[in-house]
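Working notes, structure below.
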């Protein structure tokens, strides 16, 4: 149940109906003169909050900064116009409001509605001044301008591992063919006539005999030797290539437009 300390907190708050549908901004709060309990509020409805509707606070509650009313949004928008008697609600006007919202005046007022007055607990500023300079109909008033914001995309790069390259050494066997010149000795039969110069050697020994002479022949053969020798150095390095990539991202942008006749001086 709302009490007198809740009255000032409600002013300027956003009012919702029992289904949490937004109705408008709370303008004034009316207290029961006997109990001091808030019984009625006015809610700004209509285009730009130009209409002020009276709503009973029976079974209403504060939900954080929001006022949740136990009525329907359409009931508030269709509420009858009320003539104030100064800062008080006339009992007859109260009865009209309770009838419109289909509420019991006794339960809604906490007593006989005809014997109880409701006084204005105050507003969030002078009503005429607010109407002249405009006000926020969607929640607590801030100033006379809206701030338009939009999301912006900032693209940068990050370095991450894309793979690994290993340098590995292994052994294969292949056949190589080389041509090498080799020399071979072979026997050659040579004859020469008997002359005065070689007669002594020719006639040395028996006149008739059997003899053998032998000549050793030589030849070259290829000899293969293998040695291990370093031929080159191999290492892994990196090079950087630059390429263009296109990225896309959704961004949200606020847009502000005016309803009604207004000169756009932007």
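The values are calculated or read from the model by the stated rules, or taken from the named source; none is laboratory data. The structure presented is a predicted model; accordingly, all values stated were derived computationally and were not measured. Here Cβ is always computed from backbone atoms with ideal geometry, including for glycine, and neighbour counts include all displayed protein chains.
The set of residues from the stretch 160-192 being part of a loop (DSSP other than H, G, I, E, B) and either touching a strand residue (DSSP E or B) at 6+ places or on another chain (Cβ under 6 Å) or surrounded by 10 or more Cβ atoms within 10 Å (Cβ to Cβ) (or both) comprises just one member, 185. Of all residues in the stretch 20-30, at least one satisfies being at pLDDT 90 or above, within 15 Å of residue 69 (Cβ to Cβ) and assigned to a loop (DSSP other than H, G, I, E, B).
Residues in the stretch 242-261 that are in a loop (DSSP other than H, G, I, E, B) and in contact (Cβ under 8 Å) with a residue 12 or more places away in the chain: 247, 249, 251, 252, 254, 255, 256, 259, 260. Within the stretch 172-184, residues that are farther than 30 Å from residue 217 by Cα have Cβ atoms under 7 Å from residues that are modelled with pLDDT under 95 and surrounded by 10 or more Cβ atoms within 10 Å (Cβ to Cβ) in no pair, counting only partners at least 6 apart in sequence or on another chain. Count of the stretch 76-99 residues, restricted to those that are assigned to a helix (DSSP H, G or I) and either touching a helix residue (DSSP H, G or I) at 6+ places or on another chain (Cβ under 7 Å) or farther than 27 Å from residue 14 by Cβ (or both), is 5. Cβ separations smaller than 9 Å between residues 6+ apart or across chains give the following pairs from the stretch 216-236 residues that are under 21 Å from residue 178 (Cα atoms) to residues that are at pLDDT 95 or above and not in a loop (DSSP other than H, G, I, E, B): 219/184; 220/184. Taking the stretch 37-53 as the range and being at pLDDT 85 or above and touching a helix residue (DSSP H, G or I) at 6+ places or on another chain (Cβ under 8 Å) as the test, the residues that pass are 37, 38, 39, 40, 41, 43, 53.
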